[in-house]
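Every read-out reported here was derived from the displayed coordinates using simple, explicitly stated rules and does not represent laboratory data. Because the structure is predicted, anything quoted here is derived from the model rather than measured. Cβ: placed from backbone, ideal geometry, glycine included. Neighbour counts: every protein chain shown.
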Amino acid sequence: MNANAKSVTPPIGESERPARTAAVIPAAGRGVRLGPGAPKALRPLSGTPMLVHAVRAMAGSRAVSLVVVVAPPDGADEVQRLLDAYPLTGTTEVVVVPGGETRQESVRLGLAAVPDGVTTVLVHDAARPLVPVDTVDAVVAAVRDGSPAVVPALPVTDTVKRVEPRTGDRAGEPEPVVGTPDRAVLRAVQTPQGFDRATLAAAHEKIVLEGDGATDDAGMVERMGVEVVVVPGHEEAFKVTRPLDLVLAEAVLARRRKNDGF
Ligand SMILES: Nc1ccn([C@@H]2O[C@H](COP(=O)(O)OP(=O)(O)OP(=O)(O)O)[C@@H](O)[C@H]2O)c(=O)n1
Ligand SMILES: C[C@](O)(CO)[C@H](O)COP(=O)(O)O
């Protein structure tokens, strides 16, 4: 959309949901970097599984009428039972499907379960359980305003180096630096990423045929030559990846409880 053009899209929740929005939550990963234990999405945060936080975060947006949870390939029944134990208060429907060996495959399987009539699809990591609803709404609004692919992202705060990785017999050796990108043009990308449904489906179809090394869905769309835009992300939308991230997530939840007066 032209930067100066004014959006005519009604605020989220005030439209009659002409364009149904679904959220696909890939939750089939093991969480190897988090260390031994249950699959990452099922680990508790303040006593509630990470996945439940992520589902609530998506259902918290009035735009989202369906959440597709992508469970570990052999764990769909367990995930369904777990979600049954934490029913949502609103009207958002939740379905569970088995996932695949890679995140990309899991997203593709989740997308296949999205019914006809849904025109906007969000893809959100179960590993980002604390994303605020305003961030979700900002992504949905940008898609509804005409951007086929929208990612929330934050400026990078560390200086980033490009290196020549040392692998195989040379793994562990110091890695030569081959460049320092200008930090001002870098963004650290989060989820939910929002898409025009047909665009996302086409990107996944192309990748199945041709293979690809993209680490996020927007990267796949970019490789088709489609414009991807960034909206402001949020510090609390960080990805729980390593053990220290669990400590941070608990601290964020404790701060929210305190702010809510609990
Ligand atoms: N085969 C896979 C692998 C990952 N994911 C999901 O993709 C999201 C982001 O992935 P990441 O943080 O890398 O999770 P894991 O793959 O579980 O982590 P690790 O690489 O440490 O094992 C997570 O919600 C994860 O469950 C998935 O649905 N299917
Ligand atoms: C999709 C993502 O969360 C955007 O930052 C990220 O690329 C997932 O990466 P991972 O390798 O699955 O951790």
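One table, with the values for the structure above:
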{"quantity": "Antiparallel content of DSSP bridges confined to the chain, in %, to 5", "calculated": "40 percent"}
{"quantity": "Equivalent-ellipsoid semi-axes of the range 148-198, from the Cα gyration tensor, Å, largest first", "calculated": "31, 16, 9"}
{"quantity": "Longest to shortest principal axis, alpha-carbon extents of the range 173-221, angstrom", "calculated": "42, 25, 15"}
{"quantity": "Convex hull volume per residue for the range 100-233, taking Cα atoms only, in Å³", "calculated": "155 Å³"}
{"quantity": "Sites Asp116 and Ser46 - FRET efficiency at Förster radius 35 Å, r taken between beta-carbons, to 0.05", "calculated": "0.40"}
{"quantity": "The range 58-160: GluC sites (Glu not before Pro) in DSSP loop, at most 12 other beta carbons within 10 Å", "calculated": "Glu101"}
{"quantity": "Sparse-neighbour loop sites [GluC sites (Glu not before Pro); the range 153-262; at most 11 other C-beta within 10 Å; DSSP]", "calculated": "Glu227"}
{"quantity": "Size descriptor, Kirkwood hydrodynamic radius, that averages inverse alpha-carbon separations across the range 35-132, Å", "calculated": "13.8 Å"}
{"quantity": "The chain: mean projected area of Cα convex hull, nm²", "calculated": "16.5 nm²"}
{"quantity": "Distance from the range 152-169 to the range 172-242 (C-alpha centre basis), Å", "calculated": "14 Å"}
{"quantity": "Max mean-square fluctuation residue, GNM over the chain, Cα-Cα springs under 10 Å, options Ala141, Ala251, Ala127", "calculated": "Ala251"}
{"quantity": "Three semi-axes of the equivalent ellipsoid, the range 196-262, Cα gyration tensor, whole Å, largest first", "calculated": "36, 15, 10"}
{"quantity": "Share of alpha-carbon pairs per 5 Å distance bin for the range 81-179, given as whole %", "calculated": "2, 8, 12, 15, 17, 14, 10, 8, 7, 5, 2, 0"}
{"quantity": "Per-bin percent of Cα-Cα distances, the range 31-76 [5 Å]", "calculated": "5, 18, 24, 24, 17, 9, 3, 0"}
{"quantity": "Derived scalar couplings ³J(HN,Hα) [the range 158-164; Karplus, 6.51 cos²θ - 1.76 cosθ + 1.60; whole Hz; x for Gly, Pro]", "calculated": "8, 6, 10, 10, 9, 10, 9"}
{"quantity": "Mean projected area (nm²) of the alpha-carbon convex hull when the range 58-98 is viewed from all directions", "calculated": "2.7 nm²"}
{"quantity": "MRE, 222 nm, helices only [DSSP H, n ≥ 4, -39500 (n - 2.57), over the chain, to nearest 500]", "calculated": "-9000 deg cm²/dmol"}
{"quantity": "GNM top mover of Arg128, Arg30, Arg162 - the chain, alpha-carbon springs below 10 Å", "calculated": "Arg162"}
